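Below you'll find the structure, written out as structure tokens, and then a few comments.
The values are calculated or read from the model by the stated rules, or taken from the named source; none is laboratory data. This is a predicted model, so every value here is computed, not measured. When we count neighbours, we look across all protein chains shown, and the Cβ atoms used for this are built from the backbone with ideal geometry, even at glycine. Side chains are part of the model used for accessible areas, which takes the heavy atoms of the whole protein and leaves out ligands, DNA and RNA. Shrake-Rupley method; radii C 1.70, N 1.55, O 1.52, S 1.80 Å.
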Amino acid sequence: MEISRRRTLAGMAGAAGLFAPAVHAQPASSRPVRLVVAFPPGGAMDLIARMLAERLSPALKQNVVVENRTGAGGALGTAAVARSAPDGNTLLLSNPGPVALRPSLYPDLPYDPLRDFSPVAGVAKSPLVLVVAANSGIQSVAELIALGKSGRPVNYGSSGFAGQSQVGCEWFKLLTGTEFLHIPLNGAGPIVVELLAGRVQFSFLSMGDVVPRARDGQLRGLGVARAERTSLAANMPTLAEAGLPGLVLDTWYALMAPTGTPEAVVRRLHDETTRIIGEPQFRERLGEVYFEPMPMTPQETGRFLAADLATYADIVKRANIRAE
């Protein structure tokens, strides 16, 4: 399944160049625009960034280049954008990690996500899924809760300390009054191995990690961390349906610029980005890696980020989550 997924992602990257160009107003600068992704190349985030850059280049009449600036869980690339000139020529495509979760774990970060960035637009989102092995015998959220209250030694797996999967599992524990031991692992692949072996009982994984394996009969999605069902897996129930409406957990990508970027530049970047992610072919390519468009105004993007910051801070504090 990993090979199949990589082929899908590779095909998506190649297809990015197939979109027809659009013609709009003259750019504010002839310099290339750097679109910084603070994580390594090859994943869905990097591929979506390259698709977006491919379409923004003709729209802005500037060459938009994706720059992978990795390190410190995304903090290095994020800090670099925060320090950049606010002229619209350096942008950040971020997920929740560096700008919503890490500030609660590392109070000495060299940037403040609300102070140092001007939100531009929402780009894409995908919910996490509460998942068990299909051979576990656990058929529902209620059965998992009962297991967590049984007093038996049971575990959950995460992709590492202080990531979204651990936050989701600890949030589940807080809402349900259950007890599970945390087993930190190195990514989604090892989590699946441990689930299938019965050494961990549940986890929160991305839609792209769950849906293909659920179709193959390896995993069972007990609940999507959303209030409403998603078209990415319409037959999969939500946690709200299981009585946990407050547990909403998305991986999302948002476009941001350094604070001080002129309002007219922000507005133009927003308008072009929102137009691009609304195109049927772009939406189709997002769906191939289990993401949906997330159109938002700059103001809505800022409020969304502030709300996510507050949510993560609350869970981190209540569950006493610590970085490794």
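Only strands (runs of 3 or more DSSP E) whose full extent lies in the range 86-202 are considered here, and the ones with at least 2 residues that are surrounded by 19 or more Cβ atoms within 10 Å (Cβ to Cβ) are 90-94, 117-133, 155-158.
Close contacts from the range 47-58, counting a first residue that is under 14 Å from Leu286 (Cα atoms) and a second that is buried (at least 24 other Cβ atoms within 10 Å of the Cβ) and not basic (Lys, Arg), with Cβ to Cβ under 6 Å and a gap of 6+ residues or different chains, come to Ile48/Ala124; Ala49/Val37; Ala49/Leu93. For Val211, the conditions (1) within 30 Å of Arg50 (Cα to Cα); (2) open to solvent by 30 Å² or more (accessible area, probe 1.4 Å); (3) among the aliphatic types (A, V, I, L, M) are fulfilled apart from (2). May I ask you to list the residues in the range 196-230 that are β-branched (Val, Ile, Thr) and in contact (Cβ under 8 Å) with a residue 60 or more places away in the chain? Selection gives Val210, Val211, Val224, Thr230. Val193 meets the conditions (1) without any contact (Cβ under 8 Å) to a residue 24 or more places away in the chain; (2) within 21 Å of Pro98 (Cα to Cα); (3) not charged (D, E, K, R) in every case but one. The failed one is (2).
Scanning the range 60-85 for residues that are surrounded by fewer than 17 Cβ atoms within 10 Å (Cβ to Cβ) and on the phi > 0 side of the Ramachandran plot yields Lys61, Gly71, Ala72. Filtered by the rule that a residue be more than 17 Å from Pro153 (Cβ to Cβ) and over 18 Å from the mean Cα position of the chain (by Cα), the range 192-211 gives Val192, Val193, Leu196. Scanning the range 24-83 for residues that are in a helix (DSSP H, G or I), more than 25 Å from Tyr106 (Cα to Cα) and at pLDDT below 95 gives a single hit, Ala44. Selection of the range 274-297 for residues being under 12 Å from Ile48 (Cα atoms) and touching a Lys or Arg at 6+ places or on another chain (Cβ under 9 Å) yields Ile276, Ile277, Phe282, Val289, Phe291, Glu292, Pro293.
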